[in-house]
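**Student:** Right, I'll just put the structure down here and ask away after.
Derivation of every value follows stated rules applied to the coordinates shown; laboratory data play no part. None of the values given here were measured: they were computed from a predicted structure. Neighbour counts are summed over all protein chains in view; Cβ atoms, including those assigned to glycine, are modelled from backbone coordinates with ideal geometry.
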Amino acid sequence: MKRFIGFVKKEFYHIFRDRRSMFILFGMPIAQIMLFGFAITNEINNVEIAILDKSKDAETTMIINKINASKYFNIENEIISENQIEEVFKKGKVKAVLVFEKDFAKNLQAQKKGSIQVISDATDPNTANTITNYTQAILQNYQQELNQGIESPYQIKTQSQMYYNPELKSVFNFVPGVMTVILMLVSAMMTSISITREKELGTMEILLVSPLKPFLVIIGKVFPYIFLSIINAIVIIVLSIFVFNVPVVGSLFLLGFESILFIITSLTLGVLISTIAQTQQAALMISLMGLMLPVILLSGFIFPLSSMPLPLQVISNIIPAKWFIIILKGIMLKGVGIAQLWKETGILIFMALFFTVLSIRNYKIRLE
Amino acid sequence: MKTIIYIVQKEFKQIMRNKGMLPIILVLPLLQLLILSNAATFEVKNIQFSYVNYDKTTSSNALLDRFRASTYFNIVEDFPSKKLADDAMEKGRVEVILEIPRNFESNLVKNETADLAVYINAIDGAKAGVQNVYVNQIIRSYNQEILINAYQQNQQLTRPINIEIIPSFWYNNTLNYKTYMVPGILVLLVTMITLFLSGMNIVREKEMGTLEQINVTPIKKYQFIIGKLFPFWVLGMLILTVGLIIAKLIFAIPIIGNIALIYLFSSVYILVILGMGLLISNFTDTQQQAMFIAWFFVVIFILMSGLFTPIESMPIWAQNMTLFNPIRYFVEVIRMVMLKGSGFSDISRQFFIICFYAFLMNGLAVWSYKKTN
């Protein structure tokens, strides 16, 4: 035991001596949370649009003003002919062109009908769709203003209530995601690299002939990263509560327990990678190239899982991050307890055991 | 020149000899392009929809039929009470609950107005916003139908003004997400591979002690650097090429613009990334450090590139930050050229900026590279 503690101490020194890595290890979560909280959002606003007004009457001016006043759109420029639409799209700045038909106001008075064409650059389907929806909403409001006084019968009024995140802040969705990505990559990547590093430099053999049992050597190497990851988890949670007002409705204790469980799952995955990879470079490529994108894309972090094709939804089940994100959202935002999360928790425990068994079977005490 | 060719040969041999790395370098990114491109969609469909119908009349059933008919909604369950529906939302089984109050129909007939309540799981705010729009569209169109019937029965009513929106989606009229994402993800993979490999390469020699051996040879600094980086440049272009072929043949992504333009831009772009990798190598002592720094920058560059989330929605300071992000320019350019057919004059701004960065990065890298420690 004493030997083991000595070994762990040595590992700690080893990591903390490297100031640059320390700086990044702790700076990274802060930088990412700040970016996601303040800068990155998948809401759409300030979209540059252009106007082609073939009518130029009081009504169209009114509508243009309304659109300009909304936070969603900036009217970039007026264009004079249909030919220019292609030109502005190719430059890439303008995302949509609103075309008012000729005699817009006249038609509105005579036939009580007017039409506006919304041509959008649909290379980005999400933005194109949202622009269309937003313009629709703005025009509907305007239409209601025009129709004031005309009591139209049979109105169904809908009240929408947004649960768990009434202000629709995107940071509520991103905090669990960022936390997962960081814990996963720091734990899996760091361990896999640090173990293969010993292999590559030939120092692993020295460790293996030491009186410490091989599994204690591995645990000793993994231990500091558990500690580091826990600190990272705490930093992320504290920042999200105090800087972004993300609530933790559920039990902090459960949150801590689940975080440690996830860290352990990721660490065992890291150990597994290190049993496969012979060089640091290989370990890096597997853990970084192999884990980063799947964790970001298939965990429900940025893109909704329910919209993906079925085979991908099935694949997503083997990504530990998916289950941890469900757990985090459940505890932090919904306030649910273990009664609702036992399945996800069980899956993580199973994965940790599975990776451990696989690593032990893969592990060669004698290096060739 | 001869010296450079020898180093290039040596480096290529070293890469090719490493049987374990080759599949990781070449296959992993392309496999990811094939699989993950299907995952990147902000489309909202398969909405787990449920309802509580306290009314159970012809009107409420007719309204629910509209939800059943819509392709966006999967009707999960018909709950007898709001409480049970809430529990299901808590467990994550349903995302949207529509509550139809008692007397929905009689209110509509008698008072000419009726209320509906919609509850949405809004943890993902953007998704909840879209779900809300879809729900309201269905309810509105149902309302519209009732109104039209009313006007037909009673000609006395004044018709309200109606402004119609005619949407038209250019360049991607089926709103296919892959068209947008595949070129972007390709950029990402090319960037990651070239940055990680070049960033680790020289520091690896440092760590192993072999760099000193090279330093005592008469090879000049620039010869060594060019020789080291050229293979990675080739590798990057190779992955780009295979990726473009996959995009075209498997995802049927249109390539409207001039493909030479994409290659011109990429060839300079990869130089920027290689310069960054070299710079990272110069400032680190171990592969672990190098990889950390590379990862740190890559994550920030990806997030701020407009690849997944629009740049226009960022606050101004963040938008200004993206001006220093090379990935941003490549993502913009490859999408513009491939999907819209933008020409050189449309992308010249991005091209000159990236040329400037190439000089800057490589200049700094060569300058900071020391032959002697």
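**Student:** Filter region A:273-309 down to residues that are more than 7 Å from chain B (Cβ to nearest Cβ), under 24 Å from the mean Cα position of the chain (by Cα) and part of a loop (DSSP other than H, G, I, E, B) and give me whichever is nearest to B:Phe49 (Cα to Cα).
**Tutor:** By that ranking, first place goes to A:Gly300.
**Student:** Does at least one position in region B:70-78 carry a residue that is assigned to a strand (DSSP E or B), within 29 Å of the chain's Cα centre (by Cα) and surrounded by 14 or more Cβ atoms within 10 Å (Cβ to Cβ)?
**Tutor:** Taking region B:70-78 as the starting set, the residues that turn out to be assigned to a strand (DSSP E or B) are B:73-78.
Still in the running and within 29 Å of the chain's Cα centre (by Cα): B:73-74.
Retained after the next criterion (residues that are surrounded by 14 or more Cβ atoms within 10 Å (Cβ to Cβ)): B:73-74.
Yes - at least one qualifying residue is present in region B:70-78.
**Student:** For region A:316-368, give me each residue that is among the hydrophobic types (A, V, I, L, M, F, W, C), over 24 Å from the mean Cα position of the chain (by Cα) and under 16 Å from A:Leu267 (Cα atoms).
**Tutor:** A:Phe350, A:Leu353, A:Phe354, A:Phe355, A:Val357, A:Leu358, A:Ile360
**Student:** Here's something else I'd like to know. State whether the residues of region A:100-116 include one that is of a type in the set (A, V, I, L, M) and facing another protein chain (nearest Cβ under 8 Å). Walk me through it before giving the result.
**Tutor:** To start, the set of residues in region A:100-116 that are of a type in the set (A, V, I, L, M) comprises A:105, A:108, A:110, A:116.
Narrowing further to those that are facing another protein chain (nearest Cβ under 8 Å): A:108, A:116.
Checking region A:100-116: at least one residue is of a type in the set (A, V, I, L, M) and facing another protein chain (nearest Cβ under 8 Å).
**Student:** If you take just the strands (runs of 3 or more DSSP E) that sit entirely in region A:45-109, which of them hold at least 1 residues that are among the hydrophobic types (A, V, I, L, M, F, W, C) and touching a residue at least 60 places away in the same chain (Cβ under 8 Å)? Even if it seems obvious, please write down each step before you answer.
**Tutor:** Details: elements: A:47-53, A:73-78, A:96-100.
Result: A:47-53, A:73-78.
**Student:** Limited to region B:115-131, what total is found for residues that are facing chain A (nearest Cβ under 7 Å), under 24 Å from the mean Cα position of the chain (by Cα) and either β-branched (Val, Ile, Thr) or within 12 Å of A:Gln159 (Cα to Cα) (or both)?
**Tutor:** Number satisfying all stated conditions: 1.
**Student:** Moving on. Quick check on region B:93-114: of everything there that is more than 7 Å from chain A (Cβ to nearest Cβ) and part of a helix (DSSP H, G or I), which residue is surrounded by the most Cβ atoms within 10 Å (Cβ to Cβ)? Don't jump to the end; show me each part of the working.
**Tutor:** Looking only at region B:93-114, we keep the residues that are more than 7 Å from chain A (Cβ to nearest Cβ), and these are B:93-107, B:109-111.
Within this subset, residues satisfying the condition of being part of a helix (DSSP H, G or I) are B:104-107, B:109-110.
Working: B:Phe104: 22, B:Glu105: 19, B:Ser106: 13, B:Asn107: 17, B:Val109: 13, B:Lys110: 10.
Applying the filter and picking the extreme gives B:Phe104.
**Student:** How many residues does region B:251-281 hold that are within 14 Å of chain A (Cβ to nearest Cβ) and surrounded by fewer than 19 Cβ atoms within 10 Å (Cβ to Cβ)?
**Tutor:** Number satisfying all stated conditions: 5.
**Student:** Sort through B:Ile354, B:Ile293, B:Ile334, B:Ile347 and tell me the only one that's crowded, with 18+ Cβ neighbours inside 10 Å, assigned to a helix (DSSP H, G or I) and touching a Lys or Arg at 6+ places or on another chain (Cβ under 8 Å). Talk me through it step by step, then tell me what you get.
**Tutor:** Working: B:Ile354 fails: touching a Lys or Arg at 6+ places or on another chain (Cβ under 8 Å); B:Ile334 fails: touching a Lys or Arg at 6+ places or on another chain (Cβ under 8 Å); B:Ile347 fails: touching a Lys or Arg at 6+ places or on another chain (Cβ under 8 Å).
After applying the criteria, what remains is B:Ile293.
**Student:** Just checking, which of A:Asn165, A:Asn173 is touching a Gly at 6+ places or on another chain (Cβ under 7 Å), assigned to a loop (DSSP other than H, G, I, E, B) and within 7 Å of another protein chain (Cβ to nearest Cβ)?
**Tutor:** Details: A:Asn173 fails: assigned to a loop (DSSP other than H, G, I, E, B).
Testing whether each residue is touching a Gly at 6+ places or on another chain (Cβ under 7 Å), assigned to a loop (DSSP other than H, G, I, E, B) and within 7 Å of another protein chain (Cβ to nearest Cβ) leaves just A:Asn165.
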